[in-house]
Amino acid sequence: MGAVSNQTDVREFLESRRARISPAEAGIPDFGGKRRVPGLRRTEVAMLAGVSAEYYTRLERGNLSGVSETVLEALGRALNLDDAERAHLFDLARAATVGPGRTRRRNTHAVRPSVQRILDAMTGAPAFVRNGRLDVLATNTLGRALYSPMYSRWDEQVNHARFLFLNPASKDFWLDWDKAAFDTVAILRQEAGRDPFDRALSDLIGELSTQSDVFRTLWAAHNVRFHRSGVKKFHHPVVGDIELSFEGLELPGDTGLTLLAYSAEPGSASEDALTLLASWAATLQREDQPVPAEEH
C-alpha cells in the first residue's frame, strides 16, 4: 500500500464530510433542480466557512499546509464536524505542515515498569495498555484472561485489529462484531491522521486492506471517533456472555499509549462471569499456557 498519503486523506475526508450534508441541513435555500453532487457544493462550503471558493478548492485538493486555526474552526462549523472529526481535521493539518520525520515523538512500543505495576495492582478489573495501532503492549492477569481468544501463546503480543478482521474466531468473541469493526477502523483512521508517516501503521493498514473486504470498505468511509468510554459485549469461551463497561485513559507520561479498564455492573450476571473469569485466570500457568478452544 505504501505510506499513508496525507494529501489523499485530506481530500477524501473533506469530500466525504461535504457529501453527507444537505443544503437544508446547512440552512441553504434549495431552489430545485438536479444537483450534480451529493450534499453541498464546494462554493457553498466556502460561503459557510467565510473563505473564497478558490481557497476552499485548494484545501479540498489536499493542501492543508499552513492553514490557520481560525480557518480550520470555520471549516469544522461549515461541515458540521463532531469533536472527533474536528480533532482529526486539526491532526491532518498539523501533519501536512510539519511533514515526514518531524511529527512528535511517541513511545508506542513498550510500557514502563511503573505502568505494569499499576496494571498488576488492578486485580478486580481487566485492563491493558495499547498504542494507536492497537498493539496490546501490556495487560494484567484478568485482562489477558478476558482477551484469551486473541492469544495462541500466553506471553504473546497481539494486535486488536489484526485479530478482529483476519481471525474468524473474532466473530464468536464479539457479540457486537459490526460495531467493534466500525470502532476499530475509526480508531486506526484517527491514528493515521495524527501520524501519516508511521511505517508500521501503514503496513498494518495495507495488510488489512488486502485481506479484508470489510476493512477496506470501512476504511474508505473516513469515519473517526474517540474511544474513551462505552460498553462491550463478549462471548468468552470459558465464562460465556459478558457485558462490560470500559474507560480509556491516555497516559500523559507515554504519549500515544492508552490504558483501558473494564468493569461489570454490580449484582449483574456479568459480575458473576467476571468473578468466574478471575478464578479461571488464577489457575493458568503464566508461561506458554495454551488457550482452550471453545467447545461446540
Worksheet item: Does any residue in segment 29-40 that is farther than 17 Å from LEU14 by Cα and among the acidic types (Asp, Glu) come within less than 6 Å, Cβ to Cβ, of a residue that is assigned to a loop (DSSP other than H, G, I, E, B) and at pLDDT 70 or above six or more places away or on a different chain, and which pairs are these?
Response: ASP30/PRO23
Discussion item. So for segment 200-221 (the condition being among the acidic types (Asp, Glu) and assigned to a loop (DSSP other than H, G, I, E, B)), does at least one residue qualify?
Written reply: no
Fill in: Residues of segment 231-270 satisfying the condition of being farther than 18 Å from PRO149 by Cα and either in a loop (DSSP other than H, G, I, E, B) or not assigned by TED's automatic domain parsing to the domain that holds PHE128 (or both)
LEU251, PRO252, GLY253, ASP254, THR255, GLY256, LEU257, ALA264, GLU265, PRO266, GLY267, SER268
Practice prompt. Pull up segment 207-233, narrow it to residues that are within 18 Å of ASN167 (Cβ to Cβ) and small (Gly, Ala, Ser), then point me to the one that is surrounded by the most Cβ atoms within 10 Å (Cβ to Cβ).
Written response: SER212
Practice prompt. Write out, first by first residue and then by second, each pair whose Cβ atoms fall under 8 Å of each other, whose residues are 6+ apart or on separate chains, and whose first residue, in segment 228-242, is under 14 Å from ASP172 (Cα atoms) while the second is of a type in the set (Phe, Trp, Tyr) and part of a strand (DSSP E or B).
Written response: LYS232/TRP174; LYS232/PHE246; LYS232/TYR262; LYS233/TRP174; PHE234/TRP174; HIS235/TRP174; ASP241/PHE234; ILE242/PHE234
Response to the item:
Residues of segment 159-173 being closer than 23 Å to LEU257 by Cβ and among the aromatic types (Phe, Trp, Tyr), in sequence order, are PHE163, PHE165
Discussion item. Checking the structure you have, find out if any residue of segment 264-287 is free of Cβ contacts under 8 Å to residues at least 24 places away in the same chain and under 23 Å from PHE163 (Cβ atoms).
Written reply: yes
Discussion item. Please go through segment 134-153 and give me each residue that is charged (D, E, K, R) and in contact with a strand residue (DSSP E or B) (Cβ under 7 Å, 6 or more places away or on another chain), ordered by number.
Written reply: ASP135
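Find the helices (runs of 4 or more DSSP H) located wholly in segment 135-190 whose residues include 3 or more that are crowded, with 21+ Cβ neighbours inside 10 Å, and list them. Can you show your working first?
Values: elements: 141-146, 160-166, 170-173.
Passing ranges, in order: 141-146, 160-166.
To keep it simple, each residue is scored yes or no on (1) polar (S, T, N, Q); (2) at pLDDT below 95; (3) more than 26 Å from SER152 (Cα to Cα).
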residue	(1), (2), (3)
SER209	yes, no, no
THR217	yes, no, yes
VAL224	no, no, yes
HIS227	no, yes, yes
LYS233	no, no, no
ASP241	no, no, no
GLY256	no, yes, yes
ALA261	no, no, no
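The values are calculated or read from the model by the stated rules, or taken from the named source; none is laboratory data. Computed from a prediction, not measured in an experiment: that's the story for all the values here. Quick reminder, even Gly has a Cβ in these numbers, built from the backbone with ideal geometry, and neighbours come from all protein chains shown.
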